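Here, each number is a calculation from the coordinates, and none is a lab measurement. Model, not experiment: these values are computed from the prediction. In this analysis, Cβ positions are derived from the backbone assuming ideal geometry, glycine residues included, and neighbour counts consider all displayed protein chains.
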Amino acid sequence: MIIQGSNSQTSNIGIIGGTFDPIHRGHLRVIQKLSDNFDKLFVIPSGQPWLRKHQPTASGADRFQMCVLAVAELGLGEKVEVLDIEVNKSGPTYSIETIEALKKNFPNAKFTLILGADAASRISQWHRSAELSKLVSFFVVNRPGTTKSEFEQVEIDAFDISATQVRSAVANGENLSNLITPSIWNFIKLRKLYGSK
């Protein structure tokens with residue numbers, strides 16, 4: 001894992017985690033809208049998320065590469081960086097362990113986990129959630145129609161898109177231009193992911 005930037009210059013770090021199976025325009029909208037709120041924004045594809053009933057369809061390496069391609073298209077430079085810290089780890093991945101590892105590189109930074117309302121509602125179920133709450137702040141992005149959160153939250157004109165919707169559209173041969181960027185569609189076809197033809 002390569003983390004760019006100087007520890008002394010990076011004091012306020014936002015983290016957007018998720019399976020990104022695949023990363024879509026909804027994710028990119030959030031990244032773009034919130035990038036100015038932080039000195040640095042880390043996008044971290046999850047490895048083996050232990051709370052999910054089903055593991056991601058695409059491999060960790062493929063999901064990481066899709067994130068790299070999509071984030072590069074935003075043109076935000078070094079402000080936003082995709083990390084492979086979780087996809088390269090064997091076994092279940094936990095947010096608390098990811099934060100502990102990042103704190104070794106950025107001991108003086110303030111970390112903020114950026115979550116969707118659905119994930120925020122389940123924080124109490126997360127591994128070592130009480131310890132995690134002492135190490136990070138939580139920032140919730142509300143989707144249209146979601147309930148209010150107890151944490152700091154923002155309502156942006158987010159796109160109501162899900163990765164499940166994208167995978168279904170790929171398998172059914174539907175138009176994907178409103179869901180994913182061209183580079184992601186090309187990667188999906190190249191790797192024959194999600195039943196693409």
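General remarks:
- Cα centre as origin, Lys/Arg/Asp/Glu Cβ charges: the chain dipole, Debye: 440 debye
- Number of Lys-Lys pairs in region 77-141 with C-alpha atoms under 16 Å apart and a separation of 8 or more places or on different chains: 4.
- Bridgeable aspartates and glutamates around Lys33 (alpha carbons under 14 Å apart, same-chain partners fewer than 8 residues away excluded): Glu155, Asp157.
- Shape summary: the chain maps onto an equivalent ellipsoid whose semi-axes, from the alpha-carbon gyration tensor, are 26, 19, 17 Å in decreasing order.
- Gain on full stretching of the segment that runs from Ala72 to Ser129 - 0.36 nm per residue minus C-alpha separation: 17.3 nm
- Axial C-alpha extent at least 15 Å, average Kyte-Doolittle at least 0.0 - helices from the chain (DSSP): 60-74
- Sparsely packed loop sites in region 41-142 (the GluC sites (Glu not before Pro) outside DSSP H, G, I, E and B with at most 15 other Cβ atoms within 10 Å) do not occur.
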